[in-house]
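Participant: This is the structure I have questions about; it appears just below.
The values are calculated or read from the model by the stated rules, or taken from the named source; none is laboratory data. Predicted model, so just to flag it, every value in this text is computed and none were measured. Glycine gets a Cβ as well: all are built from the backbone with ideal geometry, and neighbour counts include every protein chain shown. Areas reflect the complete protein model, heavy atoms only, side chains present, ligands, DNA and RNA absent. Shrake-Rupley method; radii C 1.70, N 1.55, O 1.52, S 1.80 Å.
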Amino acid sequence: MPNDNSARATNLPLAGLRVADMATGVPAMIGRCLSDLGADVLNIEPSEGASDRKSGHIAQGESLDFAFTNIGKRRTILDL
């Protein structure tokens, strides 16, 4: 499933590329950048949720840092 901006994403350099993103914190920005360039990024979190979900600046129960670094990504949970 493409990003929400699928019409715009088809003209971007990484359109059609799929990425599995398991990073947290600052490295998660790489996935955000890939998404901004048109890649379909799937953010995979552990069943207890990503550690950075509750760190940094919190507003309405969610970390603003986490929300910012995960814009444009799809999300799923992987329980091993």
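Participant: Scan (1) open to solvent by 70 Å² or more (accessible area, probe 1.4 Å); (2) farther than 30 Å from Thr10 by Cα for the single condition Glu62 breaks and write down its number.
Facilitator: So the condition that Glu62 fails would be (1).
Participant: Across the range 56-72, what is the total count of residues that are touching an Asp or Glu at 6+ places or on another chain (Cβ under 7 Å) and more than 14 Å from Ala23 (Cβ to Cβ)?
Facilitator: Selection size over the range 56-72: 4.
Participant: Looking only at residues in the range 25-46 that are in a loop (DSSP other than H, G, I, E, B) and open to solvent by 40 Å² or more (accessible area, probe 1.4 Å), which one is farthest from Asn11 (Cα to Cα)?
Facilitator: Checked the range 25-46; the qualifying residue farthest from Asn11 (Cα to Cα) is Val26.
Participant: Applying the selection to the range 20-40, what residues are modelled with pLDDT of 90 or more and under 19 Å from Asp79 (Cα atoms)?
Facilitator: Scanning the range 20-40 gives Ala20, Asp21, Met22, Ala23.
Participant: Moving to a separate point now. Quick check on this structure: which one of Gly49, Gly16, Gly72 is of a type outside the set (Ser, Thr, Tyr) and surrounded by 16 or more Cβ atoms within 10 Å (Cβ to Cβ)?
Facilitator: Gly72
Participant: (1) loosely packed, with under 12 Cβ neighbours inside 10 Å; (2) modelled with pLDDT of 90 or more: which one isn't true of Leu80, the others all being true?
Facilitator: Of (1) loosely packed, with under 12 Cβ neighbours inside 10 Å; (2) modelled with pLDDT of 90 or more, only one is false for Leu80: (2).
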